[in-house]
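The values are calculated or read from the model by the stated rules, or taken from the named source; none is laboratory data. Predicted model only: the values in this text are computed from it and were never measured. Cβ placement follows ideal geometry from the backbone for every residue including glycine, while neighbour counts extend to all protein chains displayed.
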Ligand SMILES: [Fe+2]
């Protein structure tokens, strides 16, 4: 079974969808930055039909559980019927988790409209929200159909001021979502279609969005790629790349997309068994799939193994071009800090829900092998 719930508005005047929104008491969930630079007010001015618009601008990265509790109080006080999640993945995830709890408390449905201001998480179309318990140093992904936003508005112009480094990190989150969904044990024809298009768009437009931040076409295409990748992994799931990235991020507070980008080459090499003697034998399913993507992005080869290696080389080239760290040392982590946490990271990655849909079986030793690829200080 495959189904879609969210209405998706895209293109130049995507934000005009707000004028037709049936909403009375609106809460905008966003962060301090988007409130101070006037974007939250701009969005509010596009909903003249609302009788009340209140802004909750206290969303912090990696939304912690105590902040969600505060956001819930805010919704209860304002008797909200529509929530607009404006921001990156943290704002959207926080809004999703809070709305779910609010609906349970008040016993009625609340409209949730997601307006991403970075192109990365795909959270606007997924049934997942990640919340963090800072005391435990753990991230908890919540899964529920009720977390799916009712509408997503993909406005490329909201992302033109995203700095190059954040563009690179979030863009690699998109590529990792699409690639992990594409090789997942739960991939199907529908998720493949979304993943393939997401990868074609991201490999084409991410370098342009990184080099020319003001390029509206590249920004719009990355918004689309992010959303398509979200639809792919919403159904197909992810893999051990996200399992390890969540574990690393919770301990060292690395940007999520950056952690994914650092790991992607090594995880896919492991998944495609390009690191074993099998390299000279029959290519496995992941290898075949990576080779197919290499063809889409114009790096074909005579053999499947070489095709897969071409894709991995392109991933490495692109991360270097966009100055993404290749090692834990380059990411600012010391050997001592890492070694003190390594086994905790291995354990957390094994238990992470994303790891369950990885195409090649993963045990603690496999995670240590993948991590060795980025262990230079
Ligand atoms: Fe991600």
Within region 236-245, work out how many residues are closer than 15 Å to residue 174 by Cα and within 13 Å of the ligand (Cβ to nearest atom).
6
Does any residue of region 40-47 turn out to be over 19 Å from residue 141 (Cα atoms), out of contact with any helix residue (DSSP H, G or I) (no Cβ under 6 Å at 6 or more places or on another chain) and buried (at least 18 other Cβ atoms within 10 Å of the Cβ)?
yes
Those residues of region 246-268 which are within 11 Å of the ligand (Cβ to nearest atom) and under 16 Å from residue 344 (Cα atoms) amount to 246, 249
Here the qualifying pairs (Cβ atoms under 8 Å; residues six or more apart or on different chains; first in region 112-131 and touching a residue at least 24 places away in the same chain (Cβ under 8 Å); second within 14 Å of the ligand (Cβ to nearest atom) and in a strand (DSSP E or B)) come out as 123/116; 123/129; 124/116; 128/141; 129/141; 130/139; 130/141; 131/139
Among the numbered criteria (1) assigned to a helix (DSSP H, G or I); (2) under 17 Å from residue 331 (Cα atoms); (3) within 16 Å of the ligand (Cβ to nearest atom), which single criterion is violated by residue 230?
(2)
Condition (residue is part of a helix (DSSP H, G or I), at pLDDT 95 or above and over 16 Å from the mean Cα position of the chain (by Cα)) applied to region 257-265: is it met by at least one residue?
yes
Residue list for region 315-340, restricted to those being touching a residue at least 12 places away in the same chain (Cβ under 8 Å), part of a helix (DSSP H, G or I) and surrounded by fewer than 18 Cβ atoms within 10 Å (Cβ to Cβ):
316, 321, 335, 337
Can you find a residue that is part of a loop (DSSP other than H, G, I, E, B) and in contact (Cβ under 8 Å) with a residue 40 or more places away in the chain anywhere in region 288-304?
yes
Please enumerate the residues belonging to region 13-35 that are over 15 Å from residue 150 (Cα atoms) and free of Cβ contacts under 8 Å to residues at least 40 places away in the same chain.
13, 16, 19, 32, 33, 35
